[in-house]
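J.: Here it is, the structure in full.
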Amino acid sequence: MTKKKLFGLFMLTALGIFFFVNKQGTKTVDQEKESFGTLVTVTENPNRTVIDQNRNPTDRTPASAKYINTPSPEWEKRLETSLKAQGGNSLKEIKIQKENSLVWMRDENPLLVESVVITLINQKDMESSFRALVDSQTGKVLESWDQTIFDPTKVREETFRIKLDPRYTN
């Protein structure tokens, strides 16, 4: 055999091995989901209202009926733990009121969510509340709105006194 034939045979074998290894490494999306095990679980046909990405009810239901999360009974506890960690020592109490269980069609991926009202009470008994969509599996706040703007009730007390610029007072 000449050097050219030997080199050609070597290259052909190397390409064959390369394509064989590359073919073994590729997976389909379904195989990829199965490899995650408990991280991504597909749920079939929940009885929930479907909303679009702007939180408006829609008659359109997902064609595939495959969801990217599974409702967990621990979502509320996980949410409360997360809020306590963010609030630190300033929080006195957290109230989570579930309003509805929904399917949120965001980016064409149906996600099972909980619509909640979260009320936070600090150490000075000042209350703040907001609405949120929470992941039914992880308890993560996905979107929030209707946040309270604090308006102190006792503005004459020293703690809330605001010194005005004398140029703008009578």
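The values are calculated or read from the model by the stated rules, or taken from the named source; none is laboratory data. The shown structure was predicted, so the numbers you read here are calculated from the model rather than taken from an experiment. Here the Cβ is made from the backbone with ideal geometry for all residues, glycine too, and neighbour counts use every protein chain on show.
J.: Working carefully through the options 148, 153, 119, find the one that is farther than 28 Å from residue 71 by Cβ, among the hydroxyl-bearing types (Ser, Thr, Tyr) and modelled with pLDDT of 65 or more. Spell out how you get there, then give the answer.
T.: Numbers: 153 fails: modelled with pLDDT of 65 or more; 119 fails: farther than 28 Å from residue 71 by Cβ.
So the residue among 148, 153, 119 that is farther than 28 Å from residue 71 by Cβ, among the hydroxyl-bearing types (Ser, Thr, Tyr) and modelled with pLDDT of 65 or more is 148.
J.: Could I ask something else about it? If you check 116, 103, which single one turns out to be assigned to a strand (DSSP E or B) and either without any contact (Cβ under 8 Å) to a residue 40 or more places away in the chain or over 15 Å from the mean Cα position of the chain (by Cα) (or both)?
T.: On the way: 103 fails: either without any contact (Cβ under 8 Å) to a residue 40 or more places away in the chain or over 15 Å from the mean Cα position of the chain (by Cα) (or both).
Result of the check over 116, 103: 116.
J.: Looking at (1) modelled with pLDDT under 90; (2) out of contact with any Ser or Thr (no Cβ under 7 Å at 6 or more places or on another chain), find the lone condition where residue 81 falls short.
T.: (1)
J.: Separate question: Can you tell me which residue in segment 84-121 is surrounded by the fewest Cβ atoms within 10 Å (Cβ to Cβ), limited to those that are of a type in the set (Val, Ile, Thr), out of contact with any helix residue (DSSP H, G or I) (no Cβ under 9 Å at 6 or more places or on another chain) and under 30 Å from residue 60 (Cα atoms)?
T.: Here is the first cut: in segment 84-121, the ones of a type in the set (Val, Ile, Thr) are 94, 96, 103, 113, 116-119, 121.
Narrowing the set further to residues that are out of contact with any helix residue (DSSP H, G or I) (no Cβ under 9 Å at 6 or more places or on another chain) leaves 103, 113, 117, 119, 121.
Now restrict to residues that are under 30 Å from residue 60 (Cα atoms): 103, 113, 117.
On the way: 103: 20, 113: 27, 117: 14.
Selected residue: 117.
J.: Which ones in segment 123-139 are crowded, with 16+ Cβ neighbours inside 10 Å and part of a loop (DSSP other than H, G, I, E, B)?
T.: Taking segment 123-139 as the starting set, the residues that turn out to be crowded, with 16+ Cβ neighbours inside 10 Å are 131-137, 139.
Of everything in segment 123-139, those that are crowded, with 16+ Cβ neighbours inside 10 Å and part of a loop (DSSP other than H, G, I, E, B) turn out to be 136, 137, 139.
J.: Would you confirm whether any residue within segment 61-70 is in contact with a strand residue (DSSP E or B) (Cβ under 8 Å, 6 or more places away or on another chain) and modelled with pLDDT of 80 or more?
T.: yes
J.: Given the structure, is residue 114 charged (D, E, K, R), under 19 Å from residue 145 (Cβ atoms) and at pLDDT 90 or above?
T.: Yes; evaluated as a whole, the condition is true for this residue.
J.: For the subset of segment 86-100 comprising residues that are in contact with a Leu (Cβ under 7 Å, 6 or more places away or on another chain) and in a strand (DSSP E or B), which member is farthest from residue 55 (Cα to Cα)? Step through it out loud before you land on a result.
T.: Pass one, segment 86-100, residues in contact with a Leu (Cβ under 7 Å, 6 or more places away or on another chain): 87, 91, 94, 96.
Those still in the list that are in a strand (DSSP E or B) too: 91, 94, 96.
Values: 91: 29, 94: 24, 96: 20 Å.
So the residue we want is 91.
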